[in-house]
Structures are given as structure tokens and as C-alpha cells.
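Here the structure is laid out as C-alpha cells; the discussion comes afterwards.
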Amino acid sequence: MTSKELDIAFKNAVKSINEHKEPFPADVLLRLYAYYKRATNDEVTPSGGKPHISAFKTNALFQTRGLTIDEAKQLYIEAVTQYFLYRK
């Protein structure tokens, strides 16, 4: 897959998640969160109202350290594909 094809597939995967109306399982959300943050090079430390949620997000980001942007995009696409395949 070329870089341009990967970008298009990533944007389509993000769009499908954003348009999905049903709630996601927490483990799926955390995985998607971490891959998205790495794929978009957004390394802002999670913060918010609930410390335990920030801790889970920080841990998810920690587990994806070392991934390249393209690897994170590919893993995000695979996670989205797998989620929608198995939920049918």
C-alpha cells in the first residue's frame, strides 16, 4: 500500500468510527485512541476529569510507543476492520 493509499484508508477508517452511533467496548476505544494519537503524531498527555480514565489512556499510549506513524495507521485500519467484521 502506498503512503497515499494508506492515508486514504486511514481517513476512511476514522470516518467510519466517527459516524458509528452505537457505543464501543472500552478496550476497542483505548486501542483506537492510542493508534490514532500515534498516527496523527498527537502526543499530548491525556488529562480530564477522571484520573483512572487518563491512566488507561496513558497506558494505551505507552504500549504503542515505538510505532511509526504508518504502522499506527495500519494498526488503526486493522482494528476498525476487525471490529466491524466481528460485530456482525
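The values are calculated or read from the model by the stated rules, or taken from the named source; none is laboratory data. Quantities reported herein were computed from a predicted structural model and do not represent experimental measurements. Please note: Cβ atoms are built from the backbone with ideal geometry, for glycine as well, and neighbour counts cover all protein chains shown.
Of all the residues that make up region 29-62, how many are assigned to a helix (DSSP H, G or I) and either in contact with a Cys (Cβ under 7 Å, 6 or more places away or on another chain) or at pLDDT below 90 (or both)? Total satisfying the criteria: 12.
Within region 13-28, the only residue that satisfies the criterion of being surrounded by 12 or more Cβ atoms within 10 Å (Cβ to Cβ), part of a helix (DSSP H, G or I) and free of Cβ contacts under 8 Å to residues at least 60 places away in the same chain is 28.
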